[in-house]
Amino acid sequence: MTDVVRVFRRSSAALFGLGLVAVVAVLAMLAPWLAPRDPDAIDTARRLAPILTAGYPLGTDEFGRDLLSRLLYGARISLVVGLTATALAALAGSLCGLLAGFVGRWVDQLIMRSIDTLMAFPYFLLAVAIIAVLGPGLVNGMVAVAVVNIPFYGRIVRATVLAVKQTEYVESARALGVSELRLALTHVLRNCLSPVIVAVTLNIGGMITALAGLSFLGLGVQPPTSDWGSMLAASRQYLNVAPHVAALPGIAIFLTVLGFNLLGDGLRDALDPRLR
Amino acid sequence: MAAVGGGGLPAYALRRLLLAIPVLFGVSVLVFAVLHLAPGDPAAIMLGAQATKEDVERLHRDLGLDQPLVVQYLRWMGHVVQGDLGRSIPLGRAVLPEVLLRFKATLVLTAGALAIALVLGLAAGIISAVKQYSWLDRLSMGVAVTGVSLPVFWTGIMLIIVFALQLRWFPSSGMSSPYGGSGVADVLWHLVLPAMTLGTASAAALARLTRSSVLEIIRQDYVRSARAKGLAERAVIARHVLKNAINPIITVLGVQVGFLLGGAILTETVFSWPGLGSMMVRAIQARDYPLVQGGVLLIATTFVVVNLAVDLLYAIFDPRIRYD
């Protein structure tokens, strides 16, 4: 464990990523105290106010709503939705991979062929197709993006399970009469933990982008909720007069995703002994 | 990669083709489900609130919704293989010609983006690996991790603000000029910003992969031997390193095309590019299920074919695959 921390701390990019994620998380948690105004309060006298307008540090949107407050509340939506969708995908995918790898035979065939089918769709298209079935909305968007990512975890966990099953200590545990279920839950699952942790960190950024993309298309979070993707969508009408309304939510998405990506890269390098 | 036994390339190609059949079957079932898993009566949803009860019943019958699901699927599949993807109710037209027309625009955009991704990604990745730890390496990998983290829809909007609205170098939307311009040059001029938008993220991913792939080969013994025998560095890289580093890059090409086809949905919406993606977003909002099904089916089938082609290409480049 100390090795992992040492390798991670040596990477300035990984530390920067961790810092970015921490800052976004703190801002999101403290949003109700930090936001200067109610994010949904409309002020028609101050529509599309520029940055550094008195009382509105980052200006206002097309309804005169305070952009800083909306960005802060948007961070909560992005993080909660992104983390929940990732957790759903990781749980469902790991379960599929564990079953496929451990039970084998027709269960493996069935799960892997279903995963092949899911992977036959371009990533984002499948999410959009699922929304077509379920209907637009925040929860449906999370479910759609989670389903799309199930193959990612399923394959990682299945491969790890197959490798661990071959090891001598699992063989000897089995010879000692340890039940299959207990084997799966202790030895096998424990070995899957570190690849899944790396996968989760590398995946959260993509999840946040995909969910913001769905909201941008009007298929995810619905207005008037302050959400970065839908803020961007609305800003497109005013690019000529108020480009900052479009620039700010994008910068917020970018910094958050960059943070998670750098953190994920750093964790992968630290947890993968082959890279040391 | 599947083990294939003996038989060389033709046998491998045949086996790989047969493996695509269950996947295509799964795709067709999922696309079929788009209409039938939607909550409520699809006929009532498609006709909207103003429809009379008789209209709904007629469409219900026309769509065969009174039949068992298996019968419905077989009937639908029978129509699909004959090129009949149904009719779009809001548009009042057959789905197939509509999706084919828009598919062309999506292909133009995807091809443009792929070209940009390959040129930028390979160049940056090779330079980074060859000059490992130099400022060039740090710069291109910094740009790459930035590129991977940029949401395409935002990159597109920023490019529009700078290059279309401020500098007025390129048009901000559409695929051709409204008056007169319809030649190849006009399309290319409209293509620059959308293809840049979509291609950058992919270029970034390719650059990172190319770098690690080249670095792995550069450390091999035979590369050291090639250098030791006095071969010029340029020849070592071109003849010994790149030729072997290309294989992992080919395998991710399929994934990248999938990324581009999916990202095209967002890019087309940003640039009002008349492709399948922007059509599908509108179709979902209008609950035009046949049009959504047609679009999803066409893109997914294309993706399966692309992956098949990538696997064959891989087998051609690396003969070991065929005999594994």
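At-a-glance table
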item	result
In region A:120-146, the residues that are within 11 Å of another protein chain (Cβ to nearest Cβ), surrounded by fewer than 19 Cβ atoms within 10 Å (Cβ to Cβ) and among the aliphatic types (A, V, I, L, M)	A:LEU134
Neighbours by Cβ (under 8 Å, 6+ apart or cross-chain): first from region A:219-240, farther than 16 Å from A:GLY64 by Cα; second among the acidic types (Asp, Glu)	A:GLY220/A:ASP227; A:VAL221/A:ASP227
Conditions (1) aliphatic (A, V, I, L, M); (2) free of Cβ contacts under 8 Å to residues at least 60 places away in the same chain; (3) under 20 Å from B:GLY277 (Cα atoms): number failed by A:LEU181	(3)
Where B:MET175 falls short, out of the listed (1) within 30 Å of B:VAL31 (Cβ to Cβ); (2) modelled with pLDDT under 90; (3) surrounded by fewer than 14 Cβ atoms within 10 Å (Cβ to Cβ)	(3)
Selection within region B:205-237 - within 14 Å of another protein chain (Cβ to nearest Cβ) and among the polar types (S, T, N, Q)	B:SER212
Single match in B:GLY125, B:GLY142, B:GLY121, B:GLY156 (criterion: under 18 Å from the mean Cα position of the chain (by Cα), farther than 26 Å from A:GLN237 by Cβ and not hydrophobic (A, V, I, L, M, F, W, C))	B:GLY121
Residue within region B:207-230 that is part of a helix (DSSP H, G or I), within 25 Å of the chain's Cα centre (by Cα), under 28 Å from B:ARG102 (Cα atoms) and among the basic types (Lys, Arg) present	no
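Yes or no, residue by residue, for (1) within 7 Å of chain B (Cβ to nearest Cβ); (2) part of a helix (DSSP H, G or I); (3) out of contact with any strand residue (DSSP E or B) (no Cβ under 6 Å at 6 or more places or on another chain); (4) modelled with pLDDT of 90 or more:
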residue	(1), (2), (3), (4)
A:LEU219	yes, no, yes, yes
A:GLN222	no, no, yes, no
A:SER226	no, no, yes, no
A:MET231	no, yes, yes, yes
A:GLN237	no, yes, yes, no
A:HIS244	no, yes, yes, yes
A:GLY250	yes, yes, yes, yes
A:GLY259	no, yes, yes, yes
A:ASP265	no, yes, yes, no
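Results for (1) crowded, with 20+ Cβ neighbours inside 10 Å; (2) away from chain B (no Cβ under 14 Å); (3) of a type in the set (Val, Ile, Thr), shown as yes or no for each residue.
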| site | (1), (2), (3) |
| --- | --- |
| A:TYR169 | no, yes, no |
| A:SER194 | no, yes, no |
| A:LEU214 | yes, no, no |
| A:LEU255 | no, no, no |
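Yes/no per residue for (1) crowded, with 21+ Cβ neighbours inside 10 Å; (2) within 14 Å of another protein chain (Cβ to nearest Cβ); (3) touching a residue at least 24 places away in the same chain (Cβ under 8 Å); (4) in a helix (DSSP H, G or I):
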| position | (1), (2), (3), (4) |
| --- | --- |
| B:ARG239 | no, no, no, yes |
| B:ILE250 | no, no, yes, yes |
| B:GLN256 | yes, yes, yes, yes |
| B:ALA283 | yes, yes, yes, yes |
| B:GLY295 | yes, yes, yes, yes |
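The values are calculated or read from the model by the stated rules, or taken from the named source; none is laboratory data. Quantities reported herein were computed from a predicted structural model and do not represent experimental measurements. Backbone-built Cβ (ideal geometry, glycine too); neighbour counts: all protein chains shown.
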